[in-house]
Amino acid sequence: MQLNSTEISELIKQRIAQFNVVSEAHNEGTIISVSDGIIRIHGLADVMQGEMIALPGNSYAMALNLERDSVGAV
């Protein structure tokens, strides 16, 4: 079976039209300590006060104390 250049071009155009690109941005940090219900997280430079932070194990914490190099969350 031989394809001419028009058929190849149409096949490529169809594939490009069907191509779906999904991207998500994630800001990840490292838990450096857990004490008395307070979690210290390093590396969340873009977090805002009151923001819910997803933690491992389907848990969440609320960012409360924003410092230059870490975030305190409960």
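The values are calculated or read from the model by the stated rules, or taken from the named source; none is laboratory data. Owing to the predicted nature of the structure, the values given are computational and were not obtained by experimental measurement. Cβ coordinates were reconstructed from backbone atoms using ideal geometry, including for glycine residues, and neighbour counts include every protein chain displayed.
Only residues that are of a type in the set (D, E, K, R) and either over 13 Å from residue 27 (Cα atoms) or in contact with a Gly (Cβ under 9 Å, 6 or more places away or on another chain) (or both): list them for the stretch 37-74, please. Within the stretch 37-74, 40, 67, 68, 69 qualify. For the stretch 18-29, state whether one or more residues are under 15 Å from residue 66 (Cα atoms), in contact with a His (Cβ under 8 Å, 6 or more places away or on another chain) and either loosely packed, with under 10 Cβ neighbours inside 10 Å or modelled with pLDDT of 90 or more (or both). Yes, the stretch 18-29 has at least one match. The conditions are (1) touching an Asp or Glu at 6+ places or on another chain (Cβ under 8 Å); (2) on the phi < 0 side of the Ramachandran plot, and residue 69 fails exactly one of them. Which is it? It fails just one condition, (1). Please verify whether residue 9 is among the polar types (S, T, N, Q), surrounded by 10 or more Cβ atoms within 10 Å (Cβ to Cβ) and at pLDDT 95 or above, treating the condition exactly as stated. Against the criterion (among the polar types (S, T, N, Q), surrounded by 10 or more Cβ atoms within 10 Å (Cβ to Cβ) and at pLDDT 95 or above), residue 9 does not qualify.
Within the stretch 17-74, considering only strands (runs of 3 or more DSSP E) that don't extend past its boundaries, which have at least 3 residues that are touching a residue at least 12 places away in the same chain (Cβ under 8 Å), in contact with a Leu (Cβ under 7 Å, 6 or more places away or on another chain) and not acidic (Asp, Glu)? Explain how you work it out, then say what you get.
On the way: elements: 30-35, 38-42, 52-55, 59-66, 71-73.
Counting at least 3 such residues, we get 71-73.
If you go through the stretch 35-49, how many residues are loosely packed, with under 10 Cβ neighbours inside 10 Å and under 18 Å from the mean Cα position of the chain (by Cα)?
First, the residues of the stretch 35-49 that are loosely packed, with under 10 Cβ neighbours inside 10 Å: 35-37, 46, 48.
If we keep only those that are under 18 Å from the mean Cα position of the chain (by Cα) as well, we get 46, 48.
So the answer is 2.
For the stretch 50-70, what are the residues that are surrounded by 15 or more Cβ atoms within 10 Å (Cβ to Cβ) and touching a His at 6+ places or on another chain (Cβ under 8 Å)? Within the stretch 50-70, 70 is the sole residue that qualifies.
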